[in-house]
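These notes are about the structure you will find just below.
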Amino acid sequence: MMNFHPAPRQLAFIKSLLFILALLPFGRLALFTYTDQLGANPVEFITRNTGDWTLYFLCLTLAVTPLRRLSKWNWLIKLRRMLGLFVFFYASLHFTTFLWFDHFFDVSEMLADVIKRPFITVGFTAFVLLIPLAVTSTNGMVRRLGGRRWQWLHRLIYVIAALGILHYWWMKAGKNDFEQPLIFGLIVAGLLLVRAYWAWQKRKDMQALAGTMM
C-alpha cells in the first residue's frame, strides 16, 4: 500500500471532515426530533440510535491501530483521540436518554434500576469507565499522568468494549434478536485478537533477542 503522509493542512482538513461526518448522526437525530419522525416510540428510537453509534465509534476507535500498522499510515493515530471522544459523546447521549426519559432525572430510581437489571448494570459500568478516559484525553493530562500510566489507564477501552457488547447482547436477548450483537461482537473480538497476537509476537521477539544476548 502506498505510504501516504498528509501535509499539516491536509491533516487539518481530514480532521475537520471527520468531525463533521461524526456529527451527522446527531444532526439526523435532532432533525427527526424536530420534524416528529421518531416513530411510534421516540424514546426507543433515540436509545437504540445513540447506543448503535456508540458501538460504531468504539469499533472505529479500536480499528485505528490495526489500520495504522497494516497500512503504514502512522498519521492515522492522530484521528484516534477524536474518535474516542465521539464514543463518549454518543454514550453520554445514550445515558442521558435513560436518565431523562426513563427516570426523569430521579437518580435514586435510576440507581435502583441499575442494580436490578444486569444489562443496565453492565452498560452503566461501561459508561462510568469511559469518563476517566474522556477527562484524560488532553495533551496536558498525558503529561501529568506520564506516558506509561496514561497508556495503562486507556487500556480500559478494551474492558469497555467487552462490557458494551455484553450490554447490547443482554438487551437484545429479551427480544431473542442476536444478529446485530453478534456482528458487533465478532468485529470487536477480531480487533482485540489482532492486538493480542501482536503483543504476543512482540514478547516472543524480545525473549528471542534476550536469549541471543546471554
- Query: Name the pairs whose Cβ atoms lie under 9 Å apart, with the first residue in the range 6-35 and under 19 Å from Trp53 (Cβ atoms), the second of a type outside the set (Val, Ile, Thr) and outside any helix (DSSP H, G or I), and 6 or more positions between them or separate chains?
  - Reply: Leu29/Leu38; Leu31/Gln37; Phe32/Leu38; Phe32/Gly39
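Residues of the range 104-130 being in contact (Cβ under 8 Å) with a residue 12 or more places away in the chain and aliphatic (A, V, I, L, M), which ones?
As a first pass, look at the range 104-130 and keep what is in contact (Cβ under 8 Å) with a residue 12 or more places away in the chain: 110, 118-120, 122-127, 129-130.
Hits for the range 104-130 are Met110, Ile120, Val122, Ala126, Leu129, Leu130.
Return yes or no: is Lys78 surrounded by fewer than 19 Cβ atoms within 10 Å (Cβ to Cβ), within 30 Å of Lys202 (Cα to Cα) and among the basic types (Lys, Arg)? First the steps, then the outcome.
Numbers: surrounded by fewer than 19 Cβ atoms within 10 Å (Cβ to Cβ): yes; within 30 Å of Lys202 (Cα to Cα): yes; among the basic types (Lys, Arg): yes.
It is true that Lys78 is surrounded by fewer than 19 Cβ atoms within 10 Å (Cβ to Cβ), within 30 Å of Lys202 (Cα to Cα) and among the basic types (Lys, Arg).
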- Query: Across the range 83-130, which residue is farthest from Lys15 (Cα to Cα) among those that are surrounded by 13 or more Cβ atoms within 10 Å (Cβ to Cβ) and hydroxyl-bearing (Ser, Thr, Tyr)?
  - Reply: Thr121
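In the range 97-117, how many are in a loop (DSSP other than H, G, I, E, B) and either among the polar types (S, T, N, Q) or at positive phi (or both)? So that I can check it myself, show each step before the final result.
First pass over the range 97-117, keeping only residues in a loop (DSSP other than H, G, I, E, B): 103-106, 117.
Restricting the remaining residues to those that are either among the polar types (S, T, N, Q) or at positive phi (or both) gives 104-105.
Qualifying residue count for the region: 2.
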- Query: Given Ile187, Ile165, which one is at pLDDT 90 or above, surrounded by 12 or more Cβ atoms within 10 Å (Cβ to Cβ), among the β-branched types (Val, Ile, Thr) and within 19 Å of Leu67 (Cα to Cα)?
  - Reply: Ile187
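The values are calculated or read from the model by the stated rules, or taken from the named source; none is laboratory data. Remember, it's a predicted structure, so these values are computed and weren't measured experimentally. Please note: Cβ atoms are built from the backbone with ideal geometry, for glycine as well, and neighbour counts cover all protein chains shown.
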